[in-house]
Amino acid sequence: PELHCAHLCAMEAYEQAGVGPQDMDVSEVHDATAMGEILHAENLGLVPFGEAGPATERGDFSIGGRIPINTSGGLESKGHPLGATGLGQHELVTQLRGEGGVRQVEGARHAVHENSGGLVGIEEGAVAVNILAK
């Protein structure tokens with residue numbers, strides 16, 4: 001899993017931004033399926049490989065949890081808008097502006113965004129990882 005292109009991309013993004021996964025307050029990932037959120041939580045280094053399932057069960061990725069992921073409900077809640085996936089992923093801007101309402105992650109200052117797709121291996125035909133800061 002350490003060689004998954006989303007993981008390699010994330011590690012490079014953190015290095016360029018001068019922050020690490022431990023600095024992130026909120027995240028948004030490509031979750032065309034529920035497994036996508038688990039896979040990418042690990043790829044982004046938000047939890048060690050193999051730990052995203054248990055972290056999900058503990059509520060770590062929910063609002064109020066350790067690192068909320070897809071606070072808007074993610075792409076699945078939007079019907080996974082094919083061709084507009086990236087356009088459907090704008091929640092982090094809302095979070096960092098403090099405009100999330102009931103979804104707001106209090107004190108959110110750093111965020112990581114991942115979007116990927118394609119079937120070269122699994123979800124690695126193309127990957128983008130962005131680090132955002134308030």
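Remarks
- Total charge dipole magnitude, segment 8-83, about the Cα centre, Cβ charges on Lys, Arg, Asp, Glu only, Debye to nearest 20: 160 debye
- Each eigenvalue of the Cα gyration tensor of the chain, multiplied by 5 and square-rooted, gives one semi-axis; in descending order these are 20, 17, 15 Å.
- Total charge dipole magnitude, the chain, about the Cα centre, Cβ charges on Lys, Arg, Asp, Glu only, Debye to nearest 20: 420 debye
- For the chain, the solvent-accessible area with a 1.4 angstrom probe is 50 square angstrom per residue.
- Look at the dipole of the chain built from charges on Cβ: of LEU132, PRO1, GLY117, the Cα furthest out on the positive end belongs to LEU132.
- Förster radius 35 Å - calculated FRET efficiency between VAL93 and MET35, Cβ distance, rounded to 0.05: 0.85
- Rounded FRET efficiency, nearest 0.05, which uses the C-beta distance separating GLU15 from ASN130 and R0 of 22 Å: 0.95
- Which of ALA55, SER77, GLY98, positive extreme of dipole for the chain (C-beta unit charges): GLY98
- Carbon and sulfur %, accessible surface of the chain computed with the full protein complex present, 1.4 Å: 56 percent
- Between LEU3 and ILE63, residue separation times 0.36 nm minus the direct Cα-Cα distance comes to 18.6 nm.
- Computed extension gain for ARG103 through GLN22, at 0.36 nm per residue and net of the alpha carbon distance, reaches 27.1 nm.
The values are calculated or read from the model by the stated rules, or taken from the named source; none is laboratory data. Quick caveat: nothing in here was measured; it's all calculated off a predicted structure. When we count neighbours, we look across all protein chains shown, and the Cβ atoms used for this are built from the backbone with ideal geometry, even at glycine. Calculation scope for accessible area: heavy atoms of the full protein, side chains included, ligands and nucleic acids excluded. Shrake-Rupley method; radii C 1.70, N 1.55, O 1.52, S 1.80 Å.
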